[in-house]
Every structure is written in structure tokens, then in C-alpha cells.
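Take a look at the structure set out below.
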Ligand SMILES: Cc1ncc(C[n+]2csc(CCOP(=O)(O)OP(=O)(O)O)c2C)c(N)n1
Ligand SMILES: [Mg+2]
């Protein structure tokens, strides 16, 4: 995925050594996420997508820069604002869109929806809707990876990436997980996509000492760094050394990855807690525009025509994904309702889930 041409010269940035192909791939990936989210909003407004839906636009450099810093078989887990991570990890736009349309061809057979993207071949273990629930699981993935390498002698040293929002910072689960990760030497990096808001609550109103989040990690003996998450090259420059260190030493890490979301918290958010000016100010630093300018002006790796055709290609890919999702088959309740889930049919219930005597299942 990530290709390095030479070792960077002394004093040069790590990203200077990334090949033009890698940078173009990142540009493509970020634009794919942006376009995908635009079409997702449209489909949602047309009531083709149901349930909760959280848009990733604005945060593209976070997923692309961090996932671009690890190996494909390093496990990744995240919260519910997960379309960007799924696409950056290599999930097809079709599988991602079909999941949101609740179709069998979706990555989780249409049973998870927007918040539960799961893709084992791409080493993505969800998509989790309970704030902070993924943080012990991220430690568990790291435990499994270290156990496989050290005890079973299978595979190489790995690092697990566990993304969370600033709203999950004060969940007890995160603190318990960090404690054990440090104690046991679990190679998990907690990547806080700090977009400044938990729903409508600004970070300064819900998290103590929010300007020095890394000091919380330090309390557990975990190395923490702050990164400007709006510049994908900077994300790579700062994040990659931490990944290498955590992999090498089999230790946890923590990142305060500062970012911003362009859309509301979810599809139903009047956004009374922030001004339009604030959003516009962040957009002036847009991460896709910044990377485009670098690959165009500094690298000469793409020109205006090349960019236009890349955008067009991506647009067609996403429209095809929407069309595919719309026309795909719905899962068959007779075979799918009780497969891959913990709840089994109860006595008196037909395999399709309907109660034979006409009552509702109290569990669903
Ligand atoms: C345990 C729990 N409490 C409350 C909620 C309701 N809830 C859903 S999203 C959210 C805000 C989380 O914000 P943040 O972690 O910053 O993520 P962001 O939406 O900014 O990506 C809340 C409180 C929940 N899903 N789970
Ligand atoms: Mg947030």
C-alpha cells in the first residue's frame, strides 16, 4: 500500500520519501471518502438508508494517513463514524454502500448498517455504536496479535489501531483498557480523532485537562503525541515513528489527532452549538486541497486534467455503488435473521423469526 522510494535525507520529512504513486493513491482514497459521503447523505435524505448515520467528511486525512502508516494485516477497530476507515482499509464502495442500504451484498450482510462496518479480509473489526466499547476490544486485538507472534510463533509483530472520538475519552472502559495495555505490553495505539465535539458538546465542556490529553496516557506509562490531523503528510510524518516504536517494543501508544468534521454529528443535527464561520475556517485548510496542491505543485505528479479525470472516475465508482446497493437483494430472514448473531429463535418461533402464535419477540 505505502511505497517508499528511498530513505529520507537527513533533516528531510519522512513523507518526502513516499513515492508519487503512494501520494496519488492517498489523494484518490481521500477523494473517494469525500464523494462517498456526499452520495451517502443524498441516499439518506431520500430515505434509502435507515438508522443512524455519521458522516466522515473533513476527517479524511486521519484515516488515510494513519492507515497508510501500518501494514494491511495490522488489525483496525473504530467507532460508528466508520465509512472512512472502511474505505481507507480497502473495502469496496459497493460493499460499504450495500451495507448501509441493508442488503445481503453489504460487508456485514446488511445487518450492521452505517455504524457497523466489518471486514475481516481487510482486518477491520468494526464499526461500534456504543461510545468507547471498541477500546477494550482494541487492546484484545493487540493481545491476540502479540500472543500469536510470541507464544504461537505465528506471523510478525503487529500493532492494532483503535480509533475513538473525543467523546469517548472519559469512558471507564478506555481507562481500564489503557491500564491493562500498559501492564501487559499490548501493542495498541489509541487514536483519538479529536474533532472538538461530542455530539453538540465542545471538548472543553466534557473533558478535564483537554488541552493536554497526552498527560492522561502518561499516567498509564503510555507514550502519547499530538498530531495535526488536517495534513495527511504531517499525520504520516508524526504517526509512522510511533507505529514503528510500538511495533518494535510491543508497547501501547496514544495520539491526540486534532481534526474537524464538516457535517453535523449525525444526519439529524441542527448544529446550534457552532457557527458557520467556524466550519468555513476549517474548510479553508481542507486536507484534500492541501494534498492536491502538494502533489501538483511540489511533485508534479498530477495536472489539472489528471485531477479532473480522477474526480470523474471516483464519481462514477460511487454512483455505481449506489446503483448496486439499490438493486441488490435484501437478506432472506429465513436464513439470515439468526445467523451471525447471539439471539437464537425462541420456543414457539418459526425459523423466520415470526412467533407462531403471533406475539412479538421481547428480545428484538
Ligand atoms: C455509552 C454511550 N453513551 C452515549 C451514546 C450516545 N452518543 C452517540 S455518539 C455520541 C458522541 C460521541 O462523540 P465523539 O466520541 O467525539 O465522536 P464523534 O461523533 O465526534 O466522531 C454520544 C454521546 C452512545 N452511543 N454510547
Ligand atoms: Mg468528537
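FYI, it's all coordinate maths here, none of it is from the lab. All values derive from a computational prediction rather than experimental measurement. Because the Cβ atoms are built from the backbone with ideal geometry, glycine has one as well, and the counts that use them run over all protein chains shown.
Roughly how large, in nm² to one decimal, is the mean projection of the convex hull of the alpha-carbon atoms in the chain?
20.7 nm²
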(request) Would you calculate the separation in nanometres between label points at residue 215 and residue 170, each defined as 7 Å from the Cα along the Cα-to-beta-carbon direction? (result) 1.7 nm
(request) Starting from the Cα of residue 42, step 7 Å along the direction of its Cβ; do the same at residue 293; then give the gap between the two resulting points in nm. (result) 2.8 nm
(request) Please work out the FRET efficiency for the pair residue 179 and residue 273, using the Cβ-Cβ distance as r and a Förster radius of 35 Å; give the result to the nearest 0.05. (result) 0.60
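Which of 66, 207 has the fewest other C-beta atoms within 10 Å, and how do the rest follow up to the most?
207, 66
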(request) Kindly work out what percent of the DSSP beta bridges joining two residues of the chain are antiparallel, to the nearest 5. (result) 20 percent
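Would you please put 13-19, 71-77 in order of how densely packed they are, using the mean number of other Cβ atoms within 10 angstrom per residue and starting with the highest? Kindly include the intermediate steps, with their values, before the conclusion.
Values: 13-19: 17.6, 71-77: 19.7.
Highest mean packing first, the order is 71-77, 13-19.
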(request) Between residue 281 and residue 201, take the C-beta separation as r, use R0 = 22 Å, and let me know the FRET efficiency to the nearest 0.05. (result) 0.65
(message) Report the Cα centroid-to-centroid distance between segment 119-150 and segment 230-302 in angstrom, as an integer.
(response) 23 Å
(request) Averaging sequence separations of C-alpha pairs under 8 Å and six or more residues apart, then dividing by the length of the chain, give the relative contact order as a whole percent. (result) 20 percent
(message) For a protection proxy built on the mean count of beta-carbon atoms within 10 angstrom, sort 255-263, 162-170, 277-285, 198-206 highest first, please.
(response) 162-170, 255-263, 198-206, 277-285
(message) Could you tell me the calculated FRET efficiency between residue 249 and residue 308, based on Cβ-Cβ distance and R0 = 51 angstrom, to the nearest 0.05?
(response) 0.65
